[in-house]
Every structure is written in structure tokens, then in C-alpha cells.
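The values are calculated or read from the model by the stated rules, or taken from the named source; none is laboratory data. Owing to the predicted nature of the structure, the values given are computational and were not obtained by experimental measurement. No Cβ is skipped: glycine too gets one built from the backbone with ideal geometry, and neighbour counts run over all protein chains shown.
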Ligand SMILES: Cc1cc2nc3c(=O)[nH]c(=O)nc-3n(C[C@H](O)[C@H](O)[C@H](O)COP(=O)(O)OP(=O)(O)OC[C@H]3O[C@@H](n4cnc5c(N)ncnc54)[C@H](O)[C@@H]3O)c2cc1C
């Protein structure tokens, strides 16, 4: 009798799940089935790449977004085949990236088929991953189906958006820009209030002002900080060298002082502060892991917004558009807290507490929460996470913002034992790695998982 093929189930078919499926299709020997289970039924999208608005752009240039490092120009070549004028420095629409990932997956599937490695896509939500017989895993779906697997990769992503409780039950309020109807045209001359002023709020502001040419947008966040923009491409400009860090324990003050010195050195050599920030990218996980836990907490409390607006920047022309909207008074950013939201006429009055000043009242036809994603893993409502934690197969990391994993990405249980057959990639590792959500990191984690599984005997 022919033995059953080895089966690897990837839970989650966003960018991370597709990147790991591509890496597995390329690396594992046959006969193997790679099964991707995606709740929405749409591969390569997730929140980031499901938008259809061409104003919503990638925040990484095309030259850096290939699905695998073996073919670093693959995304650029794919984009150029559709539009010859695309350059490696272009920041393309995010919808294009989802389409690219699906095409790269199709191509990897065709090549792998020759070796007996196949891909299946199942639409459905996984609610549990349970120990099965003979060291295998049982992947349980919401509809009652079960899939047996030799290995499982959890690519669950960033989870659902969160919103401040003050918005609960408020009329004319949307939980995120991705909620149906949130970005539809507004009544003439009205105001849309965005809770948050990060990249998601920028997406919302671009769509709302394009759909409603005379609408005003007011964005409110605690810091009032807005992401900086990338500089336009500078042909021939060499990236900055990363700095050398002192040995021994680090704290945030040491890091901040060293970063200031590095920025000054890069500027003195003719560069920009952005070059200094970008040069740290390969060092960030190591630096994060050298910070004591208290300092990591201090960073999450006091430093993360300051850092994020510099590290996660807008495309240059998106930045120019945002500047123009602000200069025209169509986009206003307030530093404050939403104290209350009250029904008023055909909209709501939003009471914004502003430091050392009287509260401001903003009358809005619509309120959209753009506040990002839940980070308290123990409080997650996700059935799969809850079941893994309840069964003690998973345990929160020390900060509680992701799961504990081994250095090579195996899920670590409540007793500290790494699972032989459950692997984790992406945002669930951010507590331990910090940089763990963007495509370059997902791609590296996907390659590492695939290499490990390819080397493992059946
Ligand atoms: C608005 C936005 C823009 C971004 N832009 C960029 C960018 O330009 N460049 C960049 O590098 N990064 C960007 N990012 C970072 C982004 O998080 C990653 O690029 C990438 O989308 C993350 O992919 P992921 O698969 O890890 O997570 P997600 O995109 O969240 O995908 C996870 C998928 O898993 C599915 N899923 C979860 N749980 C289950 C379950 N139990 N059963 C079945 N399916 C499940 C979800 O439905 C989802 O489709 C952006 C993020 C956001 C939110």
C-alpha cells in the first residue's frame, strides 16, 4: 500500500501563510500535501492586502518585496510585466501585492507538483489544534471537520482591530476602516472623525477625502503623531552602515543616546535620519532582546508611537498628499482623548479631551476607529488562541503580546517545552522578536520553517 503523503497544515492564508506555503512548496520533498486553511477564503490578503483602493499603498518599495530571497526581483518583474514603467523604488498599491502573492503561490504550486508536493486551499476557521495519534496533530475547523497533520504552522497574523470602549454602541461609528460602508461617500460638507493618526488612519483619510471631495477629516490620537514619509528615491545613494553597540545590558536611555549619535553621524556623512533608522533594521531583534523586560514595557508604554512613526513610514507621494490635505484644512490632527460620543442631529458630537485645555466638541457624520490591533493575547476572543492557551499548549510571552516560541519558531507550551509539530510565524512572535510583522521578516521566518521541515525525516 502506498503510504499517505506527509501533510503540513498552514493556519491562516494572509501574506504570512502564503509566504510559508510558497517556501514549503519549494523546499519540502514529495510526497507532501500543503494545506492552507483561511477563514475568509481569500488567500494573500489579510487586512493589509484586501483593500481595493489604489490610494492604499505599500510602505516598502517594490524592489524589497519578493516572496523569496532566492529571487529578489520577482515582485518587481511581476509588476513590470503588467506596467513596464514600474521601478524598484515605487510604492505600489497594496492590492497589487495580494495579487502578486497569489500568482507566486500558483507558480510555486506548478513547480512543486513535479516532485509530488501539492497545495490545497480550504476556506474555514480553525478553532483548535489538538495532539493526535503517533505524534501527529489534529486541526479542528469551526464546521466540525478535522484535518490530520504531521506539522502545523500558525500564521494567524495581527488579529481583529480593537477600538476604545468609549465608542461601544455609539451611533454612526465603524469598528475599523475595513468595516462595510466605513469609507463610503459622506453627506456634503460633513466631517469624519478618525480615532487614531497612524498608517490606518492615513488610509482612511485618503479614501474619505477622495470619495467626498468637500468632507473634512479630524484625526484624534493620544500623541497626535503622524507617520513620517519616505524620501523619494535617491539614485546612487548608498544605505547607511549600522552602528556598533556597546556590550552589556542596554536600557532605553542608552539606546536613545546611541541612536541620536548615529543619526548625527549619518547626517554628517550626507545622509538623512531615515537612513540611520533603516540601517538598524537587521539589528532590531537583537537590541530588543537585550532590553530588560521592564525596559521593553517602558518602550511599549512611552516610546512605541515615537518609534513607529519613524520606522513605519508612508510612501513619498502619500506623504505629499497628506501634507496637502493638512495645508488645505481638510485634515486636522488633534492630540487628545475621546471622552464621550453623543448622538446629535444627523451625526454625533465627539468630546475630545485636549491636554491643559477645554475639551473640544467635534460634530461628525461618521466616526471610524483606526486604533490598530489587540495586543493582549490572554484577552483574545479568537477561539483557536483561547483553546491553545486553555489546553496549556501555548503560553503568552513575557509581555503578554504574543506567544512563547523557541528560537526557531516552535510553539512553546506552559511547561516550557517546544512542540515538535507546531510552528509559529508573524505577529504572534512580536513580543520576543519585536520586528515580526512586515513582509521581509515574514519571508525570513517562512524560509526558516520550510528549511527545518524539509530537513526532517517523515
Ligand atoms: C493596513 C496595513 C498595511 C500594511 N502594509 C504593509 C506594507 O506595506 N508592507 C509590509 O511589509 N507590511 C505591511 N503591513 C504589515 C502586515 O501585517 C504584513 O505585511 C502582513 O499582512 C501580515 O500578514 P500575516 O499573514 O502575518 O497576517 P494577516 O494579514 O493578519 O493574515 C492572517 C490571516 O489569517 C487568517 N486567520 C487568522 N486566524 C485564523 C484561524 N483560526 N483559522 C483560519 N484563518 C485564520 C485571517 O483571516 C487572515 O487572513 C501592513 C499591515 C496593515 C494592517
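Observations on the model:
- Residue match in the stretch 182-194 (condition: under 30 Å from residue 405 (Cα atoms) and either surrounded by fewer than 14 Cβ atoms within 10 Å (Cβ to Cβ) or within 12 Å of the ligand (Cβ to nearest atom) (or both)): no
- From 381, 390, residue being closer than 30 Å to residue 197 by Cβ and surrounded by fewer than 18 Cβ atoms within 10 Å (Cβ to Cβ): 381
- Tally, over the stretch 17-32, of residues that are under 21 Å from residue 140 (Cβ atoms) and within 17 Å of the chain's Cα centre (by Cα): 2
- Contact map, the stretch 119-131: first residue touching a residue at least 12 places away in the same chain (Cβ under 8 Å), second residue surrounded by fewer than 17 Cβ atoms within 10 Å (Cβ to Cβ) and assigned to a strand (DSSP E or B), Cβ cut-off under 7 Å, separation 6 or more or different chains; pairs are 130/138.
- Flag if residue 128 is in contact with a helix residue (DSSP H, G or I) (Cβ under 6 Å, 6 or more places away or on another chain), modelled with pLDDT of 95 or more and within 11 Å of the ligand (Cβ to nearest atom): yes
- Take the conditions (1) without any contact (Cβ under 8 Å) to a residue 12 or more places away in the chain; (2) closer than 30 Å to residue 128 by Cβ; residue 327 misses just one of them, which is (2).
- When each of 112, 23, 79 is tested for being within 21 Å of residue 450 (Cα to Cα), in a helix (DSSP H, G or I) and within 15 Å of the ligand (Cβ to nearest atom), the lone residue that passes is 23.
- Hits in the stretch 175-204 - residues which are at pLDDT below 95 and within 14 Å of residue 364 (Cα to Cα): 187, 188, 189
- Scanning the stretch 148-174 for residues that are assigned to a strand (DSSP E or B) and closer than 24 Å to residue 429 by Cβ yields 149, 151, 152, 153, 154, 161.
- Condition met for residue 318 (in the same structural domain as residue 191 (by TED's automatic domain parsing), within 30 Å of residue 87 (Cα to Cα), surrounded by 15 or more Cβ atoms within 10 Å (Cβ to Cβ) and in contact with a helix residue (DSSP H, G or I) (Cβ under 8 Å, 6 or more places away or on another chain)): yes
- Those residues of the stretch 410-438 which are surrounded by fewer than 23 Cβ atoms within 10 Å (Cβ to Cβ), in contact with a helix residue (DSSP H, G or I) (Cβ under 6 Å, 6 or more places away or on another chain) and farther than 23 Å from residue 379 by Cβ, in sequence order: 435
- Any chance residue 18 is crowded, with 23+ Cβ neighbours inside 10 Å, part of a strand (DSSP E or B) and within 12 Å of the ligand (Cβ to nearest atom): no
- The stretch 33-62, subset surrounded by fewer than 21 Cβ atoms within 10 Å (Cβ to Cβ), more than 15 Å from the chain's Cα centre (by Cα) and near the ligand (Cβ under 6 Å from one of its atoms), residue nearest to residue 102 (Cα to Cα): 40
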